[in-house]
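Have a look at the structure below, then the notes.
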Amino acid sequence: MEYQNREFERKTFSNVNFTNKSFRNSRFIDCVFEDCNLSNVVLEKAQFQDVHFKNCKIMGLNFLQLNKFIVSFGFQDSNISVSVFSDLDLEKIIFKNCQIYDCDFVGTNLSRANFENSDLHKSRFQNSNLSFASFKFARNYSINPNQNILKKTKFSIPDVIGLLDNLDIEVE
């Protein structure tokens, strides 16, 4: 099946391997991806509106390529790696119970985002707005408070120590 230059509305994709497919110029509205593999999918000018990814493998996606007119999507119980979320307005986005490895969040509006119970191993946050975001029970994050906006951001002990990673100090 072709996935580029198409419109999908209220569709659920279950157990589909989209590896190396193209979503170029397609619109996904109120769609759900469950148990799918979205490795190296081309997102050029695609539109995601109220799209939910559940228990998916997402690797090598450049979300910066999306059509930025309407961007709303979220993730639950998914493995996301080597993907780019930079320079997007992702206010209120949900990354719940996810593994988020080696992803870039540079210049991203993540205000009110939910990263609860997610593993953020080697993901980069720089010049991002993390105001009112929740990192409760999240782990392996390294966030430099001098390079990001952290107003009323929620963290849990002991992982909040990740805010000190960029300082030349020793905590015993």
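The values are calculated or read from the model by the stated rules, or taken from the named source; none is laboratory data. Computed from a prediction, not measured in an experiment: that's the story for all the values here. A quick note on method: Cβ atoms are made from the backbone with ideal geometry, for glycine too, and the neighbour counts reach across all protein chains shown. Quick note on the areas: whole protein, heavy atoms, side chains included, nothing else; ligands and nucleic acids left out. Shrake-Rupley method; radii C 1.70, N 1.55, O 1.52, S 1.80 Å.
Cβ separations smaller than 7 Å between residues 6+ apart or across chains give the following pairs from region 54-79 residues that are farther than 20 Å from LYS92 by Cβ and part of a loop (DSSP other than H, G, I, E, B) to residues that are open to solvent by 30 Å² or more (accessible area, probe 1.4 Å) and at pLDDT 95 or above: ASN55/GLU34; ASN55/ASP35; ASN55/ASP77; GLY60/ASN40; GLY60/VAL82.
The single condition among (1) on the phi < 0 side of the Ramachandran plot; (2) modelled with pLDDT of 95 or more; (3) among the aliphatic types (A, V, I, L, M) that VAL71 does not meet is (2). Give me the residue from region 67-109 that is open to solvent by less than 60 Å² (accessible area, probe 1.4 Å) and aromatic (Phe, Trp, Tyr) and, out of that set, farthest from ASN144 (Cα to Cα). The extreme case among them is PHE73. Quick one: how many residues across region 113-127 are in contact with a Gly (Cβ under 7 Å, 6 or more places away or on another chain) and basic (Lys, Arg)? Counting residues in region 113-127 that are in contact with a Gly (Cβ under 7 Å, 6 or more places away or on another chain) and basic (Lys, Arg) gives 0.
Filter region 1-41 down to residues that are hydrophobic (A, V, I, L, M, F, W, C) and more than 22 Å from ASP77 (Cα to Cα) and give me whichever is nearest to the chain's Cα centre (by Cα).
Taking region 1-41 as the starting set, the residues that turn out to be hydrophobic (A, V, I, L, M, F, W, C) are 1, 8, 13, 16, 18, 23, 28-29, 31-33, 36, 38, 41.
If we keep only those that are more than 22 Å from ASP77 (Cα to Cα) too, we end up with 1, 8, 23.
Values: MET1: 26, PHE8: 21, PHE23: 18 Å.
Among residues in region 1-41 that are hydrophobic (A, V, I, L, M, F, W, C) and more than 22 Å from ASP77 (Cα to Cα), the one nearest to the chain's Cα centre (by Cα) is PHE23.
Applying the condition of being in contact (Cβ under 8 Å) with a residue 24 or more places away in the chain and touching a helix residue (DSSP H, G or I) at 6+ places or on another chain (Cβ under 7 Å) to region 119-165 and asking which residue is most open to solvent (accessible area, probe 1.4 Å) yields SER142. Scanning region 54-63 for residues that are more than 11 Å from the chain's Cα centre (by Cα) and closer than 18 Å to GLN4 by Cβ returns a single hit, GLY60.
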